[in-house]
Amino acid sequence: MPLSPERPDRSLPPVWANLYSDTQTKPTRAMREAMLSAEVGDEQHGDDPTVLALCDRMAALFGKEAAMFLPSGTMCNEIALLTHCSPGDEVLAHPTAHIVIAEGGAPAALAGVQITPLPGPRGQFDVETLAQALHPQTRHAPPQRLVVVEQTSNLGGGSVWPLDRLSAVAALAHQHGLAAHMDGARLLNACVAAGVSPHEMAADYDSVWLDFTKGLGAPLGAVLMGSADFIDAAWRWKQRLGGALRQAGICAAACLYALDHHVERLADDHENARELARGLAQIPGIEVELPETNLVFFDTAGTGLTAEALASRLRQEGIMISVMGRYRARACLHLDVGRKEVALVTEVIRRVVSSQ
Ligand SMILES: *Cc1c(COP(=O)(O)O)cnc(C)c1O
């Protein structure tokens, strides 16, 4: 099988409800207009005014000394691993973490780190699980360097790490000389859902980043934050990986627009997710995981359909969902899916399942 995605099949009907991922949002006209009028400079040279404005605003919002604009969240994670760790170091993370399952093996290929899984329900581990995995630093053992948490946890069903657990995990890591990194792809979803400020959510973490291409609706961009020394060291990796940019202010303008206009509305996505979950729970054979944010995971086993079979039937109806396991499907709510679509999608799923 080729590794590249197939070209879209033109014989399929157009998609009217794209719940495949919150990455599938398209920049709105107003966002594009903000991009069009952005002041730009040479980002690699440190003088793109819009990128600098975004970085300053993000550092202030998250209570960190410095910030760096990058093309993607994956690059934020990998640069954080490269900056915190040396080859042979041990990183501790949940086995479903994005760095483990979705970055092409980059932690091994680029940073040369080995990852110890810290299991637990809903994509999270507790401080006791971390305590049991910590070992004395000896000549034999790999140096334990970094603990990674994912806020929200994607494969954990969009679950929100509670603040006290985040603090306890970071405190124990620090006590043992490890740094703490937060993959904040959907961090503002967590903040909006929990009513916690970004500043508090990230307070105990040495590095943290936010993705602008998920529910925030920007075409590209993520911002990595940390101490001034951390970001300074991270810049060398950004340069080495080819992530240093030129007139990136066009993209940073979309991110600034998203901060102004697309944060509070994340609550609508969460409400739509709960609405979809309520509807799906009524369909015989479907088991829904209670959504905490914008991701709705459900089990199709009781319907006689695999998640793949259901997804392909729905695609025939112009609906996209994603397949996360043999019987585990995911529907993502975001700014291109409204209340009306949620009701219609629920009805189509009911029809497809009952005609089974
Ligand atoms: C999407 C995602 C990433 C990667 O972000 P990209 O911008 O797609 O590279 C990392 N971590 C989590 C939890 C994600 O959901």
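The values are calculated or read from the model by the stated rules, or taken from the named source; none is laboratory data. This one's a predicted model, so the numbers in the text were calculated from it and none came from an experiment. Neighbour counts run over all protein chains shown; Cβ positions are idealised from the backbone, glycine included. Remember, those area values only see protein heavy atoms, side chains included, never the ligands or the DNA or RNA. Shrake-Rupley method; radii C 1.70, N 1.55, O 1.52, S 1.80 Å.
Residue by residue, here is whether (1) at pLDDT below 95; (2) within 15 Å of the ligand (Cβ to nearest atom); (3) acidic (Asp, Glu); (4) over 18 Å from the mean Cα position of the chain (by Cα) holds:
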residue	(1), (2), (3), (4)
Val160	no, yes, no, no
Arg186	no, yes, no, no
Val192	no, no, no, no
Val208	no, yes, no, no
Asp211	no, yes, yes, no
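If Thr213 satisfies all but one of (1) open to solvent by 10 Å² or more (accessible area, probe 1.4 Å); (2) over 27 Å from Leu12 (Cα atoms), what's the number of the condition it fails?
Status for Thr213: all satisfied but (2).
Quick one: which residue in Ala131, Ala141, Ala111 is among the small types (Gly, Ala, Ser), open to solvent by less than 50 Å² (accessible area, probe 1.4 Å) and closer than 20 Å to Met75 by Cβ?
Going through Ala131, Ala141, Ala111 in turn, the sole match is Ala111.
Would you pick out the residues in the range 289-329 that are open to solvent by 50 Å² or more (accessible area, probe 1.4 Å), assigned to a strand (DSSP E or B) and closer than 21 Å to Glu275 by Cβ?
Result: Asp299, Arg328.
Only one of (1) over 14 Å from Cys255 (Cβ atoms); (2) surrounded by fewer than 21 Cβ atoms within 10 Å (Cβ to Cβ); (3) modelled with pLDDT of 95 or more; (4) in contact with a strand residue (DSSP E or B) (Cβ under 6 Å, 6 or more places away or on another chain) is not met by Ala17, so which one is it?
Result: Ala17 fails condition (2) only.
Among what's in the range 216-241 and is open to solvent by less than 30 Å² (accessible area, probe 1.4 Å) and touching a Pro at 6+ places or on another chain (Cβ under 8 Å), pick the residue that is nearest to the ligand (Cβ to nearest atom). Quick ask: steps written out before the conclusion?
Step one: filter the range 216-241 for residues open to solvent by less than 30 Å² (accessible area, probe 1.4 Å), giving 216-218, 221-226, 230-231, 234, 238.
Those left that are additionally touching a Pro at 6+ places or on another chain (Cβ under 8 Å): 217-218, 221-222.
On the way: Gly217: 13, Ala218: 10, Gly221: 8, Ala222: 5 Å.
Per the stated criteria, the residue is Ala222.
Would you mention how many residues in the range 258-288 are open to solvent by less than 40 Å² (accessible area, probe 1.4 Å), touching a helix residue (DSSP H, G or I) at 6+ places or on another chain (Cβ under 6 Å) and either within 22 Å of Leu188 (Cβ to Cβ) or outside the structural domain of Glu341 (by TED's automatic domain parsing) (or both)?
5
When you check Asp204 against the structure, is it buried (at least 23 other Cβ atoms within 10 Å of the Cβ), outside the structural domain of Glu271 (by TED's automatic domain parsing), farther than 22 Å from Gly46 by Cβ and not basic (Lys, Arg), yes or no? Walk me through it before giving the result.
Working: buried (at least 23 other Cβ atoms within 10 Å of the Cβ): no; outside the structural domain of Glu271 (by TED's automatic domain parsing): yes; farther than 22 Å from Gly46 by Cβ: yes; not basic (Lys, Arg): yes.
No.
Go through (1) open to solvent by less than 40 Å² (accessible area, probe 1.4 Å); (2) within 21 Å of Pro162 (Cα to Cα) for Pro121 and report which single condition fails.
Single failed check for Pro121: (1).
Just to be sure before I move on: is Ala307 of a type in the set (Gly, Ala, Ser) and closer than 23 Å to Val353 by Cβ in the structure I sent?
Yes: the conditions hold for Ala307.
Please list, ordered by residue number, the helices (runs of 4 or more DSSP H) wholly in the range 34-111 having 3 or more residues that are touching a residue at least 60 places away in the same chain (Cβ under 8 Å) and either more than 14 Å from the ligand (Cβ to nearest atom) or within 23 Å of Pro219 (Cα to Cα) (or both).
Numbers: elements: 49-62, 73-84, 98-101.
Where helices (runs of 4 or more DSSP H) fall fully within the range 34-111 and carry at least 3 residues being touching a residue at least 60 places away in the same chain (Cβ under 8 Å) and either more than 14 Å from the ligand (Cβ to nearest atom) or within 23 Å of Pro219 (Cα to Cα) (or both), they are 49-62, 73-84.
Is at least one residue of the range 344-355 without any contact (Cβ under 8 Å) to a residue 12 or more places away in the chain, open to solvent by 10 Å² or more (accessible area, probe 1.4 Å) and within 15 Å of Tyr20 (Cβ to Cβ)?
The answer is no, given that none of the residues of the range 344-355 is without any contact (Cβ under 8 Å) to a residue 12 or more places away in the chain, open to solvent by 10 Å² or more (accessible area, probe 1.4 Å) and within 15 Å of Tyr20 (Cβ to Cβ).
To keep it simple, each residue is scored yes or no on (1) over 19 Å from Tyr20 (Cβ atoms); (2) more than 19 Å from the chain's Cα centre (by Cα).
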residue	(1), (2)
Ala267	yes, no
Ile283	yes, yes
Asp299	no, yes
Ala309	no, yes
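Can you tell me which condition Asp299 does not meet? The list is (1) touching a residue at least 60 places away in the same chain (Cβ under 8 Å); (2) acidic (Asp, Glu); (3) over 20 Å from Pro13 (Cα atoms), and all the others hold.
Result: Asp299 fails condition (1) only.
Yes or no: the range 145-161 includes at least one residue that is exposed (fewer than 14 other Cβ atoms within 10 Å of the Cβ) and at negative phi.
No; the residues of the range 145-161 include none that is exposed (fewer than 14 other Cβ atoms within 10 Å of the Cβ) and at negative phi.
Being within 11 Å of the ligand (Cβ to nearest atom), in contact with a Leu (Cβ under 6 Å, 6 or more places away or on another chain) and of a type outside the set (A, V, I, L, M): is that true of Gln151 here?
In short, yes.
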